[in-house]
Amino acid sequence: MKKLINDIPSVVRQSLEGLAALYPGLALLGGENTLVRADLASFVASGKVAIVTGGGAGHEPAHAGYVGKGMLTAAVSGDVFASPSTDAVYTALRAVANPAGILVIVKNYTGDRLNFGLAVEMARADGVAVEMVIVDDDAALGKAERTAGRRGIAGTVFVHKVAGAAAEAGLPLSEVKARALAAIGAVGSMGVALSPCTVPATGKANFSLGDDEMELGLGIHGEAGVRRVTMQPAQQVVETLLDTIIADRGLVGGDRVALLVNNLGGTAQMEMSIVARDALQTLRARGLTVERAYCGTFLTAIEMTGVSLSLIKADAAVLAALDAPAEAPAWPGNHGRLPLAAMSSLAAPATDDEADGGAGMATPKELVAILSAACRAIIAAEPELTEMDRIVGDGDIGHSLAGGATALLQRAAGWEGRPLDAVLREIGLTLRRSVGGTSGPLYAAFAIAASQTAARREEDGAALLARAVAAGTDAIMRLGGAGAGDRTMLDALIPAASAMGGGATIAATLETGARAARAGAESTAAMQPRRGRSSYIGERAVGHPDPGAVAVALWLEAAAKAAG
């Protein structure tokens with residue numbers, strides 16, 4: 001892997017620092033990987049709706065490049081291809097909160113929906129007027145029944161522009177949301193890749209392509225597409241992409257559209273211009289009127305070679321929104337200014353520590369040892385889990401879970417003797433903040449539900465363990481919307497929770513649960529994925545177990561061994 005970086009853990013932060021240093025209109029929000037308008041204080045007092053978005057890094061210039069007057073108020077970044085934590089999103093919402101309200105724009109990925117969705121609920125509980133819309137413009141997936149849904153890809157930039165223009169015009173939150181939803185319904189996108197991308201943390205691509213192959217309908221997280229074909233001329237590829245989008249959006253001759261030709265990260269400008277030429281010719285041949293056309297790098301998958309095309313049906317309101325002034329550095333026509341002043345930074349609002357107090361039983365030394373053993377097992381299994389996820393997902397689960405396990409081990413010395421419910425809340429808080437992507441909020445929900453069970457003090461020992469695991473499993477099902485047979489971590493947790501009831505000792509209960517979890521994890525190899533990133537590659541995942549389910553089996557087995 002060859003990349004112009006300094007060190008892997010600092011990639012996202014240093015990239016954002018560079019952007020903030022180049023553009024005086026941007027500022028970092030405290031220690032968070034969040035960029036906001038540098039005039040945030042005056043904006044909050046302006047009476048205008050704030051627009052907040054974000055997601056994993058690796059899509060530059062999205063999303064931070066669209067922060068500025070006329071577009072976004074704040075963009076929250078996670079690690080590469082991993083959703084930002086709930087706390088990071090919540091901090092951003094608190095920073096931009098104002099009486100006019102906030103519109104949150106989220107791409108349709110499970111981790112983004114979970115983490116942004118939970119942060120929105122937390123902000124609402126604080127009395128903040130906040131709404132959320134979800135962009136799902138990927139025409140390659142059609143209706144995407146029984147999958148995680150249509151993905152949000154480059155058409156999201158059109159939604160940012162429409163919503164940002166409405167907010168800048170002083171429209172109320174209800175109307176800003178309505179215009180964003182109308183844009184979501186009017187936009188469709190599809191991409192093609194000539195080569196995969198490499199995630200810095202893993203140093204490997206998630207799929208490989210032969211010299212004579214291209215991947216149609218891929219996502220933006222390094223996952224494979226919906227169809228692999230032999231190399232074709234640009235004109236033929238463009239026709240395939242546009243005809244799919246036109247059919248998906250129901251466009252007909254005479255319709256007015258705006259076109260976005262997007263570089264996925266590593267495509268030469270010469271090729272981009274050829275694609276733009278062919279796209280314009282194809283659209284005119286189909287009888288569509290191209291009112292606006294943009295060609296450049298808008299939303300990428302690191303250095304992936306390829307392009308995506310987006311069309312939005314453009315009535316007068318959409319065209320006015322696209323033409324409205326914007327001071328975001330990545331929007332076409334905006335000219336960045338190189339300041340001599342140092343990068344500015346704003347203080348992030350403080351968040352409360354939710355792990356104080358507690359009414360449960362004192363946490364015994366033996367339980368601390370069991371939890372620590374589970375963490376060490378996940379850290380040791382990072383390479384195995386990463387490789388498994390590289391095959392069926394985006395390759396981040398090993399790194400994400402190991403990061404959470406490491407964070408827990410750093411706090412484990414303070415657990416013995418503290419109320420068990422407080423320790424479990426602290427575990428949830430730590431996982432929420434340290435585990436990126438989908439796994440963080442799911443494991444946090446598990447720990448929070450388990451802590452509520454412990455606080456009731458209705459059982460102890462093996463009975464409490466079984467009840468806590470069952471409560472945590474139910475919480476994951478409620479938050480994530482998955483169930484048995486969807487090829488997720490639940491295919492290990494559900495049988496484990498079912499098997500653990502009635503155990504005489506903690507050791508026996510864990511042993512029974514571990515055996516059931518391992519059998520459940522192995523069964524996922526025969527399942528068609530219906531949730532998460534694996535659902536996008538369909539039957540290609542069959543034959544490989546779900547890494548999230550395998551992780552559950554690993555930490556339960558380690559816990560059982562430590563208890564025995």
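At a glance:
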{"quantity": "Per-region count, region 456-478, residues assigned to a helix (DSSP H, G or I) and on the phi > 0 side of the Ramachandran plot", "calculated": "1"}
{"quantity": "Unique residue being of a type in the set (A, V, I, L, M), at pLDDT 95 or above, more than 20 Å from PRO547 (Cα to Cα) and in contact with a helix residue (DSSP H, G or I) (Cβ under 8 Å, 6 or more places away or on another chain) when the list is LEU408, LEU420, LEU429", "calculated": "LEU408"}
{"quantity": "Some residue of region 411-421 being aliphatic (A, V, I, L, M), in a helix (DSSP H, G or I) and out of contact with any Gly (no Cβ under 6 Å at 6 or more places or on another chain)", "calculated": "yes"}
{"quantity": "Matching residues in region 77-114 - criterion: being over 22 Å from ARG37 (Cβ atoms) and not small (Gly, Ala, Ser)", "calculated": "ASP79, VAL80, PHE81, THR86, ASN108, TYR109, THR110, ARG113, LEU114"}
{"quantity": "Filter pass, ALA563 being surrounded by fewer than 24 Cβ atoms within 10 Å (Cβ to Cβ), of a type outside the set (Val, Ile, Thr) and closer than 20 Å to VAL392 by Cβ", "calculated": "no"}
{"quantity": "Residues that are among the charged types (D, E, K, R) and assigned to a strand (DSSP E or B), drawn from region 37-88", "calculated": "ARG37, ASP79"}
{"quantity": "Hits in region 248-268 - residues which are among the aliphatic types (A, V, I, L, M), touching a residue at least 24 places away in the same chain (Cβ under 8 Å) and surrounded by fewer than 17 Cβ atoms within 10 Å (Cβ to Cβ)", "calculated": "VAL252"}
{"quantity": "Qualifying residue in region 166-173 (condition: in a loop (DSSP other than H, G, I, E, B), of a type outside the set (Val, Ile, Thr) and either in contact with a Pro (Cβ under 7 Å, 6 or more places away or on another chain) or within 26 Å of GLN528 (Cα to Cα) (or both))", "calculated": "no"}
{"quantity": "From VAL257, VAL318, residue being in contact with a Lys or Arg (Cβ under 7 Å, 6 or more places away or on another chain) and either part of a loop (DSSP other than H, G, I, E, B) or more than 30 Å from ASN206 (Cβ to Cβ) (or both)", "calculated": "VAL257"}
{"quantity": "Residues being at negative phi and touching a helix residue (DSSP H, G or I) at 6+ places or on another chain (Cβ under 9 Å) - total across region 207-230", "calculated": "12"}
{"quantity": "Region 431-441, residues that are buried (at least 24 other Cβ atoms within 10 Å of the Cβ) and more than 15 Å from ALA475 (Cβ to Cβ)", "calculated": "VAL435, GLY436, GLY437"}
{"quantity": "Neighbours by Cβ (under 9 Å, 6+ apart or cross-chain): first from region 1-17, farther than 11 Å from LEU35 by Cβ; second in a helix (DSSP H, G or I) and at pLDDT 95 or above", "calculated": "ILE5/GLN14; ILE5/SER15; ASN6/GLN14; ASP7/GLN14"}
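Here is a yes/no grid of residues against (1) touching a Leu at 6+ places or on another chain (Cβ under 8 Å); (2) more than 27 Å from MET122 (Cβ to Cβ):
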{"site": "LYS2", "(1), (2)": "no, yes"}
{"site": "TYR23", "(1), (2)": "no, yes"}
{"site": "ASN33", "(1), (2)": "yes, no"}
{"site": "THR53", "(1), (2)": "yes, no"}
{"site": "HIS59", "(1), (2)": "yes, no"}
{"site": "VAL76", "(1), (2)": "no, no"}
{"site": "VAL80", "(1), (2)": "no, no"}
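The values are calculated or read from the model by the stated rules, or taken from the named source; none is laboratory data. Predicted, not measured: the structure shown is a model, and the values here were computed from it. Note: ideal-geometry Cβ built from the backbone for every residue, glycine included; neighbour counts use all protein chains shown.
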